[in-house]
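Okay, structure first, notes after.
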Amino acid sequence: MTPRTQAPAATHCPYCALQCAMSLSPTASGASGPALKVAGRDFPTNRGGLCRKGWTAAELLTHPERLIEPLLRGDDGELRPVSWDVALERAAAEVRKAQAAHGPDAVGVFGGGGLTNEKAYLLGKFARLALGTSRIDYNGRFCMSSAAAAGNRAFGVDRGLPFPVEDLGAADTILLLGSNVAETMPPFVQHLAGARAAGGLIVVDPRRSATAALTADGAGTHLAPAPHTDLILLLGLAHVVLNDGLLDRSYLARRTEGLESVARSVAPWWPERVQAATGVPATLLRETAGRLAQSARTGSCYILTGRGIEQHADGTDTVTAAINLALLLGLPGSARGGYGTLTGQGNGQGGREHGQKSDQLPGYRKITDAGARAHMARVWGVPEAAIPGPGVPAVELLASLGRPASPEKPGGVRCLFVHGANVVVSAPDVTAVREGLRALDFLVVCDFFLSETAREADLVLPVLQWAEEEGTMTNLEGRVLRRRRAVDPPAGARSELWIMHRLAALLDAPSSFPDDPETVFEELRLASAGGLADYSGITYARLDAGEALHWPCPDAAPGAPPHAGTPRLFAERFAHPDGRARLVAVRTPAPLPAVPTAGAFTLATGRLLEHYQSGAQTRRVAALTAAQPEVRLSLHPAAAAQLGIADGAWVRVRRERAVAGAGLPGPSARPEPVVLARAELTSGIRPDTVFLPFHFPGLAAANRVTEQRTDPISGMPEFKTTRVVVEPAVVE
Ligand code: SF4
């Protein structure tokens with residue numbers, strides 16, 4: 001690895017959506033370890049701070065397991081190095097073969113929320129024009145889709161935080177639902193300081209997470225509802241706001257629609273009934289609603305959501321209930337607060353704006369919208385009919401892998417390209433996902449390590465890492481940032497842009513597929529122009545001059561000063577055609593089934609401070625793996641005592657339905673999915689709930705027991721309420 005210059009490169013962290021600013025400098029000559037030194041850089045999101053993941057990120061660049069040549073699986077089942085020409089010609093031949101036999105949708109693409117804007121954009125174009133398939137979706141479906149669907153429904157657009165993160169500093173009350181920022185993005189905690197100082201940090205989480213612990217010593221309140229009752233809690237808060245006359249009537253009349261139906265829908269959720277369902281005392285519910293309303297009237301109040309309430313099979317409705325509460329209090333678009341969702345993946349925001357989603361075209365346009373299709377046809381220089389219609393969301397796409405056509409269902413995907421995702425660890429029901437991958441005729445995985453998904457591939461294409469190429473990312477505030485090349489990549493690795501450029505040529509694709517990031521960004525500007533997420537006024541030159549611009553940022557008219565971007569959305573109007581936000585009545589949630597089996601719990605999965613997503617990167621960083629080497633199941637001591645499980649003992653976690661007899665596999669069916677973990681006893685979790693981090697592979701993969709059950713609106717899988725049984729286990 002050769003540093004590009006001796007001057008520090010100003011860039012951003014490769015991991016989460018906070019996109020902390022960092023500089024990368026060459027280490028002294030002869031120094032051991034990483035050839036680049038990481039330093040925090042001042043930026044509104046991190047103010048110079050980094051978490052452990054950011055500090056150690058440069059280790060990945062010199063990691064000995066780095067892939068540096070394409071690998072093709074031979075007839076003997078082994079992956080062996082081949083030239084790029086052989087690799088790409090084989091991939092193109094497999095595409096042709098699958099489509100000749102089964103039609104254009106027999107080829108699929110699975111993308112990632114960590115790809116740069118340029119790659120996410122070109123991947124959408126590559127799928128639809130070079131491959132001619134509708135079958136593209138991405139792992140952001142597991143992350144942001146419920147919040148995106150709810151935001152679109154309420155506001156007409158979704159941008160994680162529709163205000164700059166520094167606005168939170170002025171808040172005296174922040175209601176944080178289902179987000180453990182103290183572990184997932186530690187530098188963010190500084191933005192909670194104002195609310196904590198005012199005693200107004202209210203954290204909703206069934207666990208006493210590191211973030212919930214920030215409410216100690218008078219800094220706020222921790223509400224720990226029973227599993228899968230977060231929606232009821234929100235209905236109860238809205239009930240109190242309405243019943244006690246705490247709503248902002250003037251705002252609601254001027255800026256919203258739908259008050260009456262929401263009022264009807266929350267009427268049955270009086271505090272004592274909510275207490276019975278959630279376990280949260282009615283008095284605390286009233287106090288919380290009162291605090292929120294007081295702050296909204298006279299101070300500064302924000303409502304923020306995270307994956308804890310979003311990753312549900314009714315996640316869109318749960319987020320909608322949070323947005324309804326914010327609207328009742330008059331917050332969105334107001335100078336006194338707002339609503340936002342804390343995006344998870346590094347480019348979770350940009351990744352869902354440029355056409356990587358099955359239902360969207362660049363600029364946050366609906367793929368079914370005739371005007372959007374006509375616009376993209378003009379930008380791409382193709383007939384409108386050349387752009388396929390909507391595909392299917394990620395879980396459905398994965399469930400279709402290798403599936404033959406049937407009278408009920410069209411044939412599934414037979415050849416799949418995976419970019420920036422490790423679905424064998426991160427998708428729900430990874431055993432079924434692995435079976436699907438193995439049923440494919442051909443699997444191509446682009447990655448820089450031999451991830452668990454890459455190990456299943458027929459062809460592995462080694463790609464560049466974050467500090468080896470230019471590009472842009474869009475952080476959780478919709479702020480577009482420059483990612484910079486600080487080092488030369490290894491000789492054998494290539495950018496995904498180059499791979500798509502070459503493959504498009506081999507497939508005789510219409511339109512052009514540039515391999516230069518700035519050229520791709522210039523095309524993205526045209527593609528997004530006039531859309532909700534308009535990047536047309538953003539250029540590399542402006543970003544290189546030190547600007548980091550929030551979208552929408554339209555191109556200025558000739559002679560006019562450049563647009564300054566839009567840090568705050570909704571100040572004047574929402575994005576619906578009439579400019580008004582929508583309150584939406586949500587379905588009454590069905591209660592979880594009663595616990596029928598000894599040792600049965602509700603399992604929530606989530607993240608640890610030291611690891612990121614599937615762990616494909618962070619499990620390769622020595623300091624991070626030393627701190628968190630293996631999966632641990634958080635279990636309450638009282639529950640553990642009943643089961644005879646000691647702290648540190650091995651336990652087996654399996655789906656409850658297998659024990660109860662429903663859907664038991666027959667003798668020749670696949671083995672019952674089981675997770676092996678060590679027990680970590682903690683009184684910070686409810687006795688009816690257990691928690692597993694999802695960063696680990698193999699028998700340690702939490703997603704062995706999660707299910708392919710999804711939200712009908714967003715396609716989000718249910719990751720927070722899997723019914724499991726925990727038993728002592730003996731591990732040799
Ligand atoms: Fe910042 Fe997230 Fe990177 Fe940590 S992982 S340094 S919080 S961007």
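Side notes on the structure shown:
- Here the scattering of the range 202-304 is modelled by Debye summation over its C-alpha atoms, one equal scatterer each and no solvent; at q = 0.11, 0.14, 0.16 Å⁻¹ the log10 of I(q)/I(0) is -0.35, -0.57, -0.73.
- With 5 Å bins beginning at zero, the pair-distance distribution over Cα atoms of the range 100-255 amounts to 2, 7, 10, 14, 17, 15, 10, 8, 7, 5, 3, 1, 0, 0 %.
- Of the residues Leu61, Ala263, Gly530, the one whose Cα sits farthest toward the positive end of the charge dipole of the chain, with +1 on the Cβ of Lys and Arg and -1 on the Cβ of Asp and Glu, is Ala263.
- Among residues other than Lys53 with Cβ under 14 Å from its Cβ, the summed charge is +1 (Lys and Arg +1, Asp and Glu -1).
- If only the Cβ of Lys and Arg carry +1 and only the Cβ of Asp and Glu carry -1, the dipole of the range 600-728 around its Cα centre is close to 220 debye.
- Size of electric dipole in the chain: Cβ of Lys, Arg +1 and of Asp, Glu -1, about Cα centre, debye, nearest 20: 900 debye
- Taking the average, over residues, of other Cβ atoms within 10 Å as the packing measure, peptides 131-137, 209-215, 566-572 rank 131-137, 209-215, 566-572 from highest down.
- Reciprocal mean inverse distance between Cα atoms of the range 451-553 - Kirkwood radius, Å: 15.5 Å
- Spatial offset of the range 440-471 relative to the range 536-587 amounts to 34 Å, using the alpha carbon center of each.
- For the range 600-728, share of DSSP beta bridges that run antiparallel, in % to the nearest 5: 65 percent
- A prolate overall shape is assigned to the range 391-515, the ratio a/c of its alpha-carbon gyration tensor axes (a ≥ b ≥ c) being 1.5 or greater and a/b exceeding b/c.
- Positive dipole terminus of the range 548-629, leading residue within Ala604, Trp551, Thr566 (C-beta point charges): Ala604
- For the chain, the pair-distance distribution built from all alpha carbon pairs, in bins 20 Å wide starting at 0, is 18, 53, 28, 1 percent.
- Net +/- balance of residues flanking Ser683 in space, Cβ distance below 11 Å, scoring K and R +1, D and E -1: +3
- Dipole axis of the chain (+1 Lys, Arg; -1 Asp, Glu on Cβ), positive-most option in Trp380, Ala87, Gly151: Gly151
- Taking every alpha-carbon pair under 8 Å whose residues sit at least 6 apart, the chain reaches a relative contact order of 19 percent.
- Only Lys, Arg, Asp and Glu carry charge here, each on its Cβ (+1 for the first two, -1 for the last two); on that basis the range 397-493 has a dipole of about 180 debye about its Cα centre.
- For Thr341, the residues 5 or more places off, or on other chains, whose built amide H falls under 5 Å of its own are Leu161, Thr305.
- Using every pair of distinct Cα positions in the range 465-621, the Kirkwood expression returns a hydrodynamic radius of 20.3 angstrom.
- Where only DSSP H runs of four or more residues are counted, the chain gives -7500 deg cm²/dmol as its mean residue ellipticity at 222 nm, each run worth -39500 (n - 2.57).
- Asp359 sits among other residues whose Cβ lies under 11 Å from its own Cβ, and their net charge, with Lys and Arg +1 and Asp and Glu -1, is +3.
- Computed from phi, the 3J(HN,Hα) profile of the range 306-321 under the Karplus parametrisation 6.51, -1.76, 1.60 (θ = phi - 60°) reads x, 4, x, 9, 8, 8, 10, 6, 10, x, 5, 5, 5, 5, 4, 5 Hz, with x in place of Gly and Pro.
- Amide H contacts of Met22 (H built 1.01 Å from N, in plane; Pro and chain starts excluded): Thr11, His12, Cys13, Arg41 sit under 5 Å, all sequence-distant by 5 or more or on other chains.
- For the range 440-487, a Kirkwood radius taken over Cα pairs fed into Stokes-Einstein (20 °C, viscosity 1.002 mPa s) yields D = 169 µm²/s.
- Kirkwood hydrodynamic radius of the range 600-728, from inverse mean 1/r over distinct Cα pairs, in Å: 15.3 Å
- 17 Å Cα-Cα reach of Lys53 towards lysines, excluding residues that sit fewer than 8 places from it in its own chain: Lys37
- Exposure proxy for Leu285, Leu342: other Cβ atoms within 10 Å of each Cβ, ordered fewest to most, give Leu285, Leu342.
- Sorted into 5 angstrom bins from 0, the C-alpha pair distances of the range 496-543 split as 5, 21, 23, 20, 17, 11, 4, 0 percent.
Bear in mind that the values in this text are calculations on the coordinates, not laboratory data. Given the structure is predicted, the values throughout are model-derived calculations rather than measurements. All Cβ positions, even for glycine, are placed from backbone atoms using ideal geometry, and neighbour counts span all protein chains on display.
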